[in-house]
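The structure under discussion appears below in the form of structure tokens.
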Amino acid sequence: MQRLALPDRLTVIAIAVIAYAGVNITHEIIGHCGMAALLGNKCIVISSTYIPRATEPVVWKDNVIIAAGIIANWAIGLACLGLLRAWRTAQPALRYFLWLSMCVNLFLA
């Protein structure tokens, strides 16, 4: 009887760290800073919780910038879902990364 190989714990931890870091980068940098740049504003400091902007935009632009973080998480989460469905025969580590990224992105949103 052949034993199934158990996943390496360090590999699983590394995949989880990268997935969770990616969620934060998606929300703060791609979402908020990306939209601020598109609307003509700049982010002064990049942080994992709050990103101050160079100038305070008008109300409607501020609302769009605030919503952009959640929209970025939804987009990446749904993209991960699509890739999971398309790559059914991919390696388990890649599928785990995509599944975890999808779950955390959609949960954060």
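Tabulated data for the structure shown
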| quantity | calculated |
| --- | --- |
| Elements of type helices (runs of 4 or more DSSP H) contained in the stretch 1-91, each with 3 or more residues being among the β-branched types (Val, Ile, Thr) and farther than 18 Å from Cys103 by Cβ | 59-86 |
| Trp60 being surrounded by fewer than 15 Cβ atoms within 10 Å (Cβ to Cβ) and either over 23 Å from Ala14 (Cα atoms) or not hydrophobic (A, V, I, L, M, F, W, C) (or both) | yes |
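Okay, residues lined up against (1) over 17 Å from Asn105 (Cα atoms); (2) modelled with pLDDT of 90 or more; (3) touching a Phe, Trp or Tyr at 6+ places or on another chain (Cβ under 6 Å):
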{"site": "Leu4", "(1), (2), (3)": "yes, no, no"}
{"site": "Arg9", "(1), (2), (3)": "yes, no, no"}
{"site": "Ala21", "(1), (2), (3)": "no, yes, no"}
{"site": "Thr26", "(1), (2), (3)": "no, yes, no"}
{"site": "Ile29", "(1), (2), (3)": "no, yes, no"}
{"site": "Gly40", "(1), (2), (3)": "yes, yes, no"}
{"site": "Cys43", "(1), (2), (3)": "yes, no, no"}
{"site": "Tyr50", "(1), (2), (3)": "yes, no, no"}
{"site": "Ile71", "(1), (2), (3)": "no, yes, no"}
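The values are calculated or read from the model by the stated rules, or taken from the named source; none is laboratory data. Just so you know, these numbers come straight off a predicted model, no measurement behind them. Note that each Cβ is placed from the backbone with ideal geometry, even for glycine, and that neighbours are counted across all protein chains shown.
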